[in-house]
Amino acid sequence: MGATLDALHRLQSIEDRLRTVRDQIESKRRTVKARQNRIAAIERQGAETQQRIRQAQAESDRFELDRLTREEHVNKLREALNRTKSNKEYAAILTQLNTEKADMLKLEENALSALGRVEQEKKNETELRTALEKERTQTADIARTAGEAEARLSKQLAALEQERDAAADGIPASVLAMFRRACDRHEGEAMALVERVHPKRSEYVCSGCNMSVPLEIVNSLQSRDEVQICQICSRILYLEAPAGAPV
């Protein structure tokens with residue numbers, strides 16, 4: 001492998017390490033963000049639970065108020081029943097009284113049902129509050145640990161960026177631009193190994209896209225220090241890693 005491709009290979013190695021560190025930083029940020037989202041979700045559940053508590057309590061109060069109003073009416077009907085002087089009037093008042101008492105019973109049942117929902121929602125709210133406190137404590141610990149790790153990784157990132165800049169110094173500007181375009185296009189994977197697909201035939205493929213590589217490109221890589229790119233994926237092609245390069 002020629003000097004230019006050797007330098008590009010070293011640059012690719014640094015880019016790989018940079019990408020690994022960036023991925024680690026992003027992973028820790030995603031972890032903290034996911035925990036924060038869980039806290040927000042529990043908070044929304046808590047707010048919705050409080051709303052249901054208020055609604056159920058208001059519904060219970062309305063039922064109770066209606067029941068008290070009907071109870072007052074029942075008491076008046078009882079007084080009227082005691083004062084009645086005819087069987088017809090007695091029967092009419094008694095029918096109305098029984099209807100009001102039945103309605104009162106339904107209202108009482110509805111009020112108790114609403115109170116039951118209030119108690120259940122309050123229980124749910126207590127459980128959510130406990131879960132929220134636990135989640136906040138754990139998230140704070142995770143965020144602190146992630147922040148410390150990110151500070152260390154950021155130092156590594158800065159050192160690698162300096163190493164990358166130093167490695168790029170000896171590479172021609174046009175070749176470096178080609179490398180960076182390939183990095184941008186393929187998430188940092190700017191280079192691809194040329195692989196021989198058959199031991200007895202001169203057939204080669206790009207390891208990046210698995211498409212055929214013309215024999216003249218392979219010959220050029222074998223005989224000259226020239227930068228060749230895959231005609232399909234535009235990665236920079238090479239035949240083998242330089243001695244001592246990280247794999």
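The values are calculated or read from the model by the stated rules, or taken from the named source; none is laboratory data. The shown structure was predicted, so the numbers you read here are calculated from the model rather than taken from an experiment. Counting neighbours? That spans all protein chains shown, and the Cβs are built from the backbone with ideal geometry, glycine included.
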Within the range 141-158, residues of a type in the set (A, V, I, L, M) and surrounded by 12 or more Cβ atoms within 10 Å (Cβ to Cβ) come out as ILE142, ALA143, ALA146, ALA149, LEU153, LEU157
Within the range 49-62, tally of residues that are surrounded by 14 or more Cβ atoms within 10 Å (Cβ to Cβ) and either at pLDDT below 90 or among the acidic types (Asp, Glu) (or both): 1
Among the residues of the range 159-176 satisfying the criterion of being in contact (Cβ under 8 Å) with a residue 40 or more places away in the chain and within 32 Å of the chain's Cα centre (by Cα), which is surrounded by the most Cβ atoms within 10 Å (Cβ to Cβ)? LEU160
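Here is a yes/no grid of residues against (1) farther than 17 Å from ASN110 by Cβ; (2) modelled with pLDDT of 90 or more; (3) in contact with a Phe, Trp or Tyr (Cβ under 9 Å, 6 or more places away or on another chain); (4) not small (Gly, Ala, Ser):
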{"residue": "GLU43", "(1), (2), (3), (4)": "yes, yes, no, yes"}
{"residue": "ALA47", "(1), (2), (3), (4)": "yes, yes, no, no"}
{"residue": "ARG67", "(1), (2), (3), (4)": "no, no, no, yes"}
{"residue": "ILE93", "(1), (2), (3), (4)": "yes, no, no, yes"}
Yes/no for ALA7 being surrounded by fewer than 19 Cβ atoms within 10 Å (Cβ to Cβ) and part of a helix (DSSP H, G or I): no
Of all residues making up the range 101-140, the number that are surrounded by fewer than 16 Cβ atoms within 10 Å (Cβ to Cβ), within 16 Å of VAL32 (Cα to Cα) and among the polar types (S, T, N, Q): 2
Every residue from the range 223-241 that is of a type in the set (Asp, Glu) and free of Cβ contacts under 8 Å to residues at least 60 places away in the same chain: none
If we keep only residues of the range 189-222 that are over 39 Å from the mean Cα position of the chain (by Cα) and in contact (Cβ under 8 Å) with a residue 24 or more places away in the chain, then the residue nearest to ALA3 (Cα to Cα) is LEU221
